[in-house]
1. Restricting to the stretch 65-85, what's the tally of residues that are farther than 22 Å from ARG42 by Cβ and surrounded by 10 or more Cβ atoms within 10 Å (Cβ to Cβ)?
2. Looking only at the stretch 39-51, filter to residues that are surrounded by 14 or more Cβ atoms within 10 Å (Cβ to Cβ) and either modelled with pLDDT under 90 or not small (Gly, Ala, Ser) (or both); which one of those is nearest to ARG78 (Cα to Cα)?
3. Between a first residue in the stretch 51-68 that is over 17 Å from TRP82 (Cβ atoms) and a second residue that is charged (D, E, K, R), which pairs have beta carbons less than 6 Å apart while being 6 or more apart in sequence or on different chains?
4. Among strands (runs of 3 or more DSSP E) lying entirely in the stretch 40-85, which contain 2 or more residues that are under 14 Å from ILE29 (Cβ atoms)?
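The values are calculated or read from the model by the stated rules, or taken from the named source; none is laboratory data. What you see is a predicted model; the values in this text were computed from it and never measured. Every residue, glycine among them, receives a Cβ derived from its backbone with ideal geometry; neighbour counts consider all protein chains shown.
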Amino acid sequence: MTARMKTLAAAALGASALAFSAASAQAAIVCSGSICWHTTERYDYPPDARVVIHDDSWKPAPDAKITFRERSGRGYWREDKWVEW
């Protein structure tokens, strides 16, 4: 195997590993109004949920009045109530 072939094989292997790790990372921050929560799954929320999905690295603006409420399961916050579907 030539040096060029080894380089191409290593690049392909690295790209495959990167694509696999990106596909398995599903964490996100979901917000409904000023209430946000962390999730490990990216759900297709119903349109009436009016949620915004951010990457897990998202940070609110320093002056934003955001409240984090953690909850497991498939659902979303609507005011002070957790709505499951």
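1. 0
2. Checking each candidate, the answer is VAL51.
3. Once the first residue is over 17 Å from TRP82 (Cβ atoms) and sits in the stretch 51-68, no partner that is charged (D, E, K, R) comes close enough.
4. Hits in the stretch 40-85: 52-55, 75-78.
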